[in-house]
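Data first, discussion second: the structure below is written as structure tokens.
The values are calculated or read from the model by the stated rules, or taken from the named source; none is laboratory data. Note that the coordinates shown come from a computational prediction; the quantities given were computed from them, not determined experimentally. Here the Cβ positions follow ideal geometry from the backbone for every residue, glycine too, while neighbour counts run over all protein chains shown.
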Amino acid sequence: AQKITQTQPGMFVQEKEAVTLDCTYDTSDPSYGLFWYKQPSSGEMIFLIYQGSYDQQNATEGRYSLNFQKARKSANLVISASQLGDSAMYFCAMREGVETGRRALTFGSGTRLQVQP
Amino acid sequence: DAGVTQSPTHLIKTRGQQVTLRCSPKSGHDTVSWYQQALGQGPQFIFQYYEEEERQRGNFPDRFSGHQFPNYSSELNVNALLLGDSALYLCASSLEVSSFYREQYFGPGTRLTVT
């Protein structure tokens, strides 16, 4: 079974509008972290936002917010006021509990966001 | 403050050859992870090094091996290259004491093409 599922291969959004990128995850570990990364065409993965499984509030970082619905196992990224520079691939990733010794990030297949002027 | 650096940027090899990729972690970081990203896919975890030892390994064959040096820099070696090894290889660094890794800093990657 896929641990991270991103069902939107591509998304379009108008400049200055908000957009939601979907991510669902699968884990039986009670302690995990969810990450969103942006990957421009240059290839570097840029960290955007993090949500811990025990965090009571949804994470926010500037124009980025994470809509964390634990019961539904979803961690959608919301980008407000889209800018042309937001055009890139976006990856959702999960890291399961340290207690098990696992430290790897598991990534989804990504969503390509294109911001139109 | 230098971020994660990787070399070379691009590399072209022939099937059956061996390749070494290099990574220098962000200043102050002591843990290095390697990921393989095939075209159009998300990165896949290869392995992680801490204190010069491989601490965790993903589902990759023994042809993939690595090393971490006392200065925390790392190498990824791939032997007997296959066409399917063509990918972007990403290095990520982090600090062990920040054990839940709020952030892993990624380098720009090495684009390997196997012909």
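What number of residues within the stretch B:90-115 satisfy the criterion of being touching an Asp or Glu at 6+ places or on another chain (Cβ under 9 Å) and either at pLDDT below 70 or within 11 Å of B:T31 (Cα to Cα) (or both)?
Qualifying residue count, the stretch B:90-115: 5.
For a quick check of your reading: which strands (runs of 3 or more DSSP E) sit entirely within the stretch B:9-64 and have at least 2 residues that are surrounded by 20 or more Cβ atoms within 10 Å (Cβ to Cβ)?
In the stretch B:9-64, B:19-24, B:31-37, B:44-50 are the strands (runs of 3 or more DSSP E) which contain 2 or more residues that are surrounded by 20 or more Cβ atoms within 10 Å (Cβ to Cβ).
Name every residue in the stretch A:4-16 that is over 13 Å from the mean Cα position of the chain (by Cα) and in a strand (DSSP E or B), in order of residue number.
Matches in the stretch A:4-16: A:G10, A:M11, A:F12, A:V13, A:Q14.
When you scan the stretch B:30-44, how many residues do you find that are touching a Phe, Trp or Tyr at 6+ places or on another chain (Cβ under 6 Å) and either β-branched (V, I, T) or at the interface with chain A (Cβ under 7 Å from one of its Cβ atoms) (or both)?
Final tally of qualifying residues: 4.
For the stretch A:41-73, which residues satisfy the criterion of being of a type outside the set (S, T, Y), surrounded by 14 or more Cβ atoms within 10 Å (Cβ to Cβ) and away from chain B (no Cβ under 14 Å)?
Residues satisfying the conditions are A:N58, A:R63, A:N67, A:F68, A:K73.
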